[in-house]
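A short write-up of the structure that comes next.
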């Protein structure tokens, strides 16, 4: 019967689409927390991030101009250009948090230093939109939860300060 064959094809198509959704979901960056920085420019947002980190009594150990590497290597990896106008990775550490993490489980030292990425889209992809992102340490231990709360505070404070400066 034509109706039965049609039903079977639709059913098969839906199953294939469901499988694709499940597989693609496995590759989603669920551990990356991203927040748009509204009403600011990149320089002000960068200064706000540094100020928020230092206000917590933490020391910035590195400010990495990551977009420079992307621009420099684009041709070598068969890319036209970086999709960003600006990217800066800021690394910092809390000695108390580092000790707590490693005492809970030595391998957690891999979470240090903490880092946050500030990026501004370029090209045709939402040019001028600025985002702050970090990799979530998760909730597996008390130290990881403390690190997550710290990172959330830094995102909130940075976004607030960045708006004031513009």
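Please treat every number below as a calculation from the coordinates, not as lab data. All values reported here derive from a predicted model rather than from experimental measurement. Glycine also receives a Cβ, built like all others from the backbone with ideal geometry; neighbour counts cover every protein chain displayed.
Would you kindly state how much longer the chain becomes between residue 153 and residue 136 on full extension, computed as 0.36 nm times their sequence separation minus their alpha carbon distance, in nm to one decimal?
Extra length available between residue 153 and residue 136 comes to 4.8 nm.
Full-extension gain between residue 146 and residue 106, please, as 0.36 nm times their residue separation minus the C-alpha to C-alpha distance.
Answer, rounded to one decimal: 12.7 nm.
Report, to two decimal places, the Cα Rg of the stretch 48-138 normalised by 2.2 N^0.38 Å (N = number of residues).
With N residues counted in the stretch 48-138, Rg over 2.2 N^0.38 Å equals 1.30.
Can you compute the modelled spin-label distance between residue 124 and residue 72, with each label point 7 Å from Cα toward Cβ, in nm?
The modelled label-to-label distance comes out at 2.9 nm.
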